[in-house]
Amino acid sequence: QGLAFGRGVIRYRGFKWLVGGVLGVMSLPYFIYYVPSGHRSFLFNKFSGIDNQTVSEGWHFKKPWTSPIAMSIRADAHDFQKDFKSQDGEIVNITSRIVYRPDATKLPQIFVNFGYNYASIIIPSLTSEVITETLKSFTAGEVVAKRMEFSNRIRETLGEKMSGFQIELLDVSIVSLKFSPEFEAAMEAKHANKY
C-alpha cells in the first residue's frame, strides 16, 4: 500500500513538472525575442508607446506588455523613373537608382513618422524635387555631355535632403536618359556633321 502511494506521488510530481515545463515554454515569447541578422529592433510599450532605444541582432529579454518591432538596416536600392524638363525646355526621361540605408539609431523616429515603407514615401518625392531643381541648370545637351557632373550634383543635394529624414544616401546612378525623337534626331545629325 505504501509503495502504491509512493508511485502516485511520483506520478503527481512528474505531472506537475510536465505542466510547469509546458507552461514555461509557452510563456517564453512573452519574455524573450530574436532580432534577425541585418536588422535592429525597438519595443512598443502598450502603456507608453514606442521606446527610442534600438537593439542589435540576437536574443533579448522584454516585458510581457511590450512588442518588438524589427526593421532592416541593410543597404537597399530604389529605382525611380520620371519625365523632367531641362533648362532649354526639352523633356528628359530619367531613370535613376538610389542606394540607401536608414540610420540604425533613428529607426523608432522613422517608424513613427513613416512606418515600414518609409523609403517608398520619402525617396520618390525627394528625388523628383532634386532632379527638377538640378535640371534648371542644365540644357538637354549638357545632361548628356556633363553626365558625371549632373549625377554628382544630384548626389550631393539628395544626400543632404535625405539625411534630414535619418536616411543615409550611399549612391546615386543615372541608369538611363531618354529624349524626344526630335531631340535625338537633332543630336545624331549634329554628331554626324562633326565627322
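Just a few scattered comments:
- Any chance residue 60 is without any contact (Cβ under 8 Å) to a residue 60 or more places away in the chain and crowded, with 17+ Cβ neighbours inside 10 Å: no
- Of all residues in the stretch 52-65, those being among the aromatic types (Phe, Trp, Tyr), in contact with a strand residue (DSSP E or B) (Cβ under 6 Å, 6 or more places away or on another chain) and in a loop (DSSP other than H, G, I, E, B) number 0.
- Every test in (1) open to solvent by less than 90 Å² (accessible area, probe 1.4 Å); (2) more than 19 Å from residue 130 (Cβ to Cβ); (3) assigned to a strand (DSSP E or B) is passed by residue 78 save one, and that test is (2).
- Residues (surrounded by 19 or more Cβ atoms within 10 Å (Cβ to Cβ) and farther than 11 Å from residue 78 by Cβ) located in the stretch 97-117: 102, 107, 108, 110
- Of the candidates 135, 158, the single residue that is within 16 Å of residue 170 (Cβ to Cβ) and touching a residue at least 40 places away in the same chain (Cβ under 8 Å) is 158.
- Hits in the stretch 125-139 (condition: in contact with a strand residue (DSSP E or B) (Cβ under 6 Å, 6 or more places away or on another chain) and not hydroxyl-bearing (Ser, Thr, Tyr)): 131, 135
- Residues located in the stretch 68-77, provided they are in contact (Cβ under 8 Å) with a residue 24 or more places away in the chain and within 9 Å of the chain's Cα centre (by Cα): 71, 72, 73, 74, 75, 76
- Selected residue (criterion: nearest to residue 106 (Cα to Cα)) from residues of the stretch 36-51 that are under 18 Å from the mean Cα position of the chain (by Cα) and not in a strand (DSSP E or B): 38
- Among the candidates 133, 160, 129, 142, residue that is charged (D, E, K, R) and farther than 18 Å from residue 83 by Cβ: 160
Table: residues versus (1) of a type outside the set (Lys, Arg); (2) out of contact with any helix residue (DSSP H, G or I) (no Cβ under 9 Å at 6 or more places or on another chain).
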{"position": "132", "(1), (2)": "yes, yes"}
{"position": "136", "(1), (2)": "no, yes"}
{"position": "156", "(1), (2)": "yes, yes"}
{"position": "162", "(1), (2)": "yes, no"}
{"position": "166", "(1), (2)": "yes, no"}
{"position": "174", "(1), (2)": "yes, no"}
{"position": "182", "(1), (2)": "yes, yes"}
{"position": "187", "(1), (2)": "yes, no"}
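The values are calculated or read from the model by the stated rules, or taken from the named source; none is laboratory data. As the structure is a prediction and not an experimental result, all values here were calculated from the model. A quick note on method: Cβ atoms are made from the backbone with ideal geometry, for glycine too, and the neighbour counts reach across all protein chains shown. Please note that ligands, DNA and RNA were not included when accessible areas were found on the heavy atoms of the full protein model with its side chains. Shrake-Rupley method; radii C 1.70, N 1.55, O 1.52, S 1.80 Å.
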